[in-house]
1. Just give me the residues in the range 274-294 being in contact with a strand residue (DSSP E or B) (Cβ under 8 Å, 6 or more places away or on another chain) and not in a strand (DSSP E or B), in sequence order.
2. Quick check on my filter: what residues within the range 190-211 are farther than 15 Å from residue 152 by Cβ and among the hydrophobic types (A, V, I, L, M, F, W, C)?
3. Output the residue which, of all residues in the range 274-331 that are of a type in the set (Gly, Ala, Ser) and surrounded by 14 or more Cβ atoms within 10 Å (Cβ to Cβ), is modelled with the lowest pLDDT.
4. Hey, any hits in the range 143-159 for a residue that's farther than 26 Å from residue 7 by Cβ and modelled with pLDDT of 95 or more?
5. Taking the range 95-113 on its own, how many of its residues are closer than 14 Å to residue 54 by Cα, within 29 Å of the chain's Cα centre (by Cα) and open to solvent by 10 Å² or more (accessible area, probe 1.4 Å)?
6. Please go through the range 73-94 and pick out each residue that is open to solvent by 30 Å² or more (accessible area, probe 1.4 Å), assigned to a loop (DSSP other than H, G, I, E, B) and of a type outside the set (Val, Ile, Thr).
7. Test each condition in (1) touching a strand residue (DSSP E or B) at 6+ places or on another chain (Cβ under 7 Å); (2) touching a residue at least 60 places away in the same chain (Cβ under 8 Å) for residue 41 and report the one that comes out false.
8. Got a number for residues in the range 55-72 being open to solvent by 40 Å² or more (accessible area, probe 1.4 Å) and either touching a Ser or Thr at 6+ places or on another chain (Cβ under 6 Å) or in a helix (DSSP H, G or I) (or both)?
Amino acid sequence: MVHHMRWRDRVPGSVRVGATFERTWRGTALMAVVNVTPDSFSDGGLYLEIDAAVAAGRAAWKAGAMVVDVGGESTRPGAEPVTLDEERARVLPVIERLGEDGDGLISVDTRHAEVARDALAAGAHVVNDVTGLRDPRMRAVCAEAGVPAVVMHMQGEPVTMQDDPHYADVVSEVEAFLLERAEEALRDGVPSLLLDPGWGFGKRDVHNLALLDAVARFASHGHPVLFGASRKGSIGRFSGEMDAARRDPGSYVLHLEAARRGAAMVRVHDVPGHAQALAVQAAVRDARASRGCGRVTLRGLRFHGYHGVFEEEARVGAPFLVDVELDFPFPGRDAVADTIDYGAVREVVRREVEDARHDLIETLTERVGERLLATFALIEVLRVRVHKPEAPLPGVFDDVMAERVWRR
Ligand code: HH2
């Protein structure tokens, strides 16, 4: 997928005023975190000295970051806000010095329009606003400077956001928020936007993981998607690692998953590690793509199962028919060991249909798909249909069917 960020030349009086710059890239770019704060959850206190922050930014560019994201206020759960003057004093000298270096892009991680305006004057190219450009003055600052902005989703405020996050449908709600904010910003003259679902900002882990799975859906709207889970608390909860600085391996996994689903950029602390992980992922993907996927279909696998909401269905059971379409790279050799054995596929389906019991045909479909994905690593795209031709319905009908598609 090709991604674009556009911005206008903003050097007053220059012959280049009005020119449009565009960064176009393929795959997943890196945004490096440089927090000039005493209290950021992972790098707090490391870059309080201007020299140390500038050196970290330069090293990140050298290691392959496209953007260095300079922040002067921690937004970790429970963080206390800082004054505008304090935030300015932290970020502006660092941005000025990095700006003298030329080619790399700089973003300013701030939710304050005043700080954003001064940071852009000091040389920043992008505004990263964790409050999603809700403040019209922030949109005006970005529009006037002609710079792109990150619209991030957050439920609540950093101080209390993790107290009781709740959603009826987290993916749809975050998607609607991001699209509304993006449209509003474009209307107000912001030239281009990146959308960020905001991992850990007013979300439980179940919400974070649902948003990770939905990256492809967010990316389908034409704005590049930014994803930032680097070293965050959920990695500690998943793995037991309580030291944030030791959570890079978990960060690679989440960011590779986001990249696989089309994230245009990931926001990371460890640039060299992510550059390596993404390069290896790209090599694996390219090798696969050059071989191409083929499809094997199993149609009308017939079993007797006991799924349904009625007691009668649990007792007597009914016929269930399952179709499975598997897209995967065909093997280079004529050997069953190198491919997906369709006998083994049938057995996985049989076990779920005959041995488990679910009220809903939807749940049965989900479980069959999840089992197949967990068993056969080669699958790239999977389609499962479950038919219940003798569903307890009045009148005449041919079939009741549930269908789901997964893309890895
Ligand atoms: N996360 C943090 C800060 N800014 N911006 C975007 N767009 N997306 C994020 O996920 C995001 C962000 C929090 O991480 P960090 O900067 O490492 O820590 P702290 O807020 O404690 O300074």
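1. 274, 275, 278, 288, 291, 292
2. Those that are farther than 15 Å from residue 152 by Cβ and among the hydrophobic types (A, V, I, L, M, F, W, C): 206, 209, 210.
3. Ranking the candidates gives 282 first.
4. To start, the set of residues in the range 143-159 that are farther than 26 Å from residue 7 by Cβ comprises 155-159.
With the extra rule that they be modelled with pLDDT of 95 or more, the set shrinks to none.
No, the range 143-159 contains no residue that is farther than 26 Å from residue 7 by Cβ and modelled with pLDDT of 95 or more.
5. Count: 2.
6. 76, 77, 78, 80, 81
7. (1)
8. 5
The values are calculated or read from the model by the stated rules, or taken from the named source; none is laboratory data. These figures come from a predicted structure and were not determined experimentally. Virtual Cβ from ideal backbone geometry, glycine too; neighbours counted across all protein chains shown. For accessibility, only protein heavy atoms count, side chains too; no ligands or nucleic acids. Shrake-Rupley method; radii C 1.70, N 1.55, O 1.52, S 1.80 Å.
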